[in-house]
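Notes follow once the structure below has been shown.
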Amino acid sequence: MPDERPDAVLMAHGGGGRMAQRLLDEIFLPAFNNPLLAARLDGAVGELGGTRLAFTADSYVVRPLFFPGGDIGTLAVNGTVNDLAMCGARPAWMSAAFILEEGFPFADLKRVAESMRRAAAAAGVRIVTGDTKVVDAGKGDGVYLATSGVGEVVARAPMGPAEVREGDAILLSGDVGRHGMAIMSAREGFAFETTLESDCAPLVAPVMELLDAGVAVRALRDLTRGGLATALVELSEGAKREFAVEETAVPVIAPVRAACEMLGLDPLYVANEGRFTALVAEADAERALAILRRHDASRSACRIGRVNGGATRGRVTARGAIGARRILDRLSGEQLPRIC
């Protein structure tokens, strides 16, 4: 367990858990406080020149750079457009800044750029600007990527934790834990009977169809660092309501479950890069599932829980196979560093 009150940055500060939250609450939010930032969405949503826009920024330090199911380039594009989609926005433009280590092979750089080109085309976004910097050999792990993205908000109604209502259905777009376990297996050389590939994928198409169809979407959150559990905790705290989840309803494929059991990890906390949770009005839940199941990225969408009454600070409970409930909270440390 890390020291939760250190005097310098630790790896755990990048894990999306309790220490990452403290970093935001104690340093960044006080320094940059404004209403758009205070909303704590996956990007800033506001009006500019009469048009509602969403703006997001991200950075990628994954190790290894190339992994089953993707690479740092694919990850950077999909991560950026997915954050915009979670804001109810259709991605339009994005930037890409490359921090290159001296000695990084041109063949690998071309491979990353080509991956980004393909991913951008698939997501319907254009990479329109960027930057390049070079650092000394041994100082940069090959390449780091920093991106930003802009999109037009198409959601007809406001979305976010504050819009969540008692009785809303909690939906999940697919199985969880694949990205984190694919990175770990590539990093540590674990072997499975079948190749374990990342779920890295753009989520724009299923989200846009939900919105175009008029589904009453209350809130969306993609499941990255900290996994499904952390995303639900963030939404629950923002909504100040209890989320009741059926753990047996959450799909986890056999290789991921086996790897988690071997390493002592909880798949609910393992990172994903092509999955999201949607909180929708109960009356629209079945229609939303039918829409999601028409898309490759959300083919195995399912209902995993329900929003209950108010809770002072929000709470997430998960009922397991034997019927007992446990409270899901943010992790104190870092399960899998450098996964995005």
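Rule-based calculations on the coordinates, nothing more; no lab input. For clarity, every value in this text was computed on a predicted model and none was experimentally measured. FYI the Cβ positions are ideal-geometry reconstructions off the backbone, even for glycines, and counts take in every protein chain you see.
With bins 10 Å wide starting at 0, give me the P(r) of region 32-90 over every alpha carbon pair, in whole percents.
21, 41, 26, 11, 1
Name the aspartates and glutamates eligible as straight-distance cross-link partners of K139: C-alpha to C-alpha under 14 Å, and not fewer than 8 places from it in the same chain.
List returned: E101, E102.
First measure r as the distance between the Cβ atoms of R126 and S59, then evaluate 1/(1 + (r/R0)^6) with R0 = 25 Å and state the FRET efficiency to the nearest 0.05.
The formula returns an efficiency of 0.80 here.
Percent of Cα-Cα pairs per 5 Å bin, from 0 to the last occupied bin, for region 1-77, please list those.
3, 11, 16, 17, 17, 16, 12, 5, 2, 0
Would you mind ranking R165, R52 so that the residue whose beta carbon has the fewest other beta carbons within 10 Å leads the list?
Values: R165 13, R52 16.
Listing R165, R52 from fewest to most nearby Cβ atoms yields R165, R52.
In whole Hz, with x marking every Gly and Pro, tabulate ³J(HN,Hα) for region 54-70 from phi via Karplus 6.51 cos²θ - 1.76 cosθ + 1.60, θ = phi - 60°.
These are the phi-based 3J(HN,Hα) values: 10, 9, 9, 9, 7, 9, 9, 10, 4, 9, x, 5, 10, 9, x, x, x Hz.
Can you give the percent of C-alpha pairs in region 42-153 whose distance is more than 20 Å? Write down the numbers at each step before the final one.
Numbers: 2459 of 6216 pairs.
Cα-Cα pairs of region 42-153 separated by over 20 Å account for 40 percent.
Would you mind classifying region 161-328 by shape? Square roots of the alpha carbon gyration tensor eigenvalues, ordered a ≥ b ≥ c; an a/c under 1.5 is rounded, otherwise it is prolate if a/b is larger than b/c and oblate if not.
oblate
Can you tell me which of 86-93, 172-179, 27-34 comes out highest on packing, and rank the rest after it, using the mean Cβ neighbours within 10 Å?
The packing order, highest mean first, is 172-179, 86-93, 27-34.
At 0.36 nm per residue, minus the direct Cα-Cα distance, what do D266 and E102 gain on full extension? Give it in nm, one decimal, please.
On the way: separation 164, 0.36 × 164 = 59.04 nm, distance 3.80 nm.
Gain on extension, D266 to E102, equals 55.2 nm.
Given contacts defined as C-alpha pairs under 8 Å and at least six residues apart, what's the relative contact order of region 161-328, whole-number percent?
42
With r as the distance between the Cβ atoms of E114 and A249 and R0 = 35 Å, compute the FRET efficiency 1/(1 + (r/R0)^6) and round to 0.05.
The calculated FRET efficiency here is 0.35.
For region 195-246, just say rounded, prolate or oblate: build the C-alpha gyration tensor, square-root its eigenvalues into a ≥ b ≥ c, call rounded for a/c under 1.5, and beyond that prolate if a/b exceeds b/c, oblate if not.
Because a/c hits 1.5 or more and a/b fails to exceed b/c, region 195-246 counts as oblate.
Take the chain, compute every pairwise Cα distance, and split them into 20 Å bins from 0; I just need the percent in each bin.
31, 62, 7
What full-extension length gain, to one decimal in nm, is calculated for E47 and R22 as 0.36 nm per residue of separation minus the Cα-Cα distance?
Net length gain for the segment: 6.1 nm.
Please state the relative contact order of region 42-153 as a whole percent: Cα pairs under 8 Å, 6+ residues apart?
Values: 225 pairs, mean separation 46.6, N = 112.
Relative CO of region 42-153 lands at 42 percent.
Find the centroid of the Cα atoms in region 161-233 and in region 115-130, then give the distance between the two in whole Å.
The two parts, judged by their Cα centres, are 21 Å apart.
With each label point set 7 Å from Cα along the Cα-Cβ vector, what nm distance links E209 and R156?
Roughly 1.9 nm, to one decimal.
Per DSSP helix of 4 or more residues, -39500 (n - 2.57); summed, then divided by the residues of the chain. What does that give at 222 nm, rounded to the nearest 500?
-8500 deg cm²/dmol
Modelling each spin label as a point 7 Å along the Cα-to-Cβ direction, I'd like the E163/R293 distance in nm, to one decimal.
Each label point lies 7 Å from its Cα, and together they span 2.5 nm.
Among D7, D131, which comes first, then next, by fewest other beta-carbon atoms within 10 Å?
Values: D7 5, D131 10.
If I rank by nearby Cβ atoms, fewest first, I get D7, D131.
Given the chain, what percent of its DSSP beta bridges are antiparallel, to the nearest 5?
The answer is about 75 percent antiparallel.
At a Förster distance of 25 Å, what's the computed FRET efficiency of V135 paired with S95, Cβ-Cβ distance as r, to 0.05?
Between V135 and S95 the formula returns 0.80.
Which of L220, L171, L331 has the fewest other C-beta atoms within 10 Å, and how do the rest follow up to the most?
With the fewest neighbours first, L220, L171, L331 line up as L331, L171, L220.
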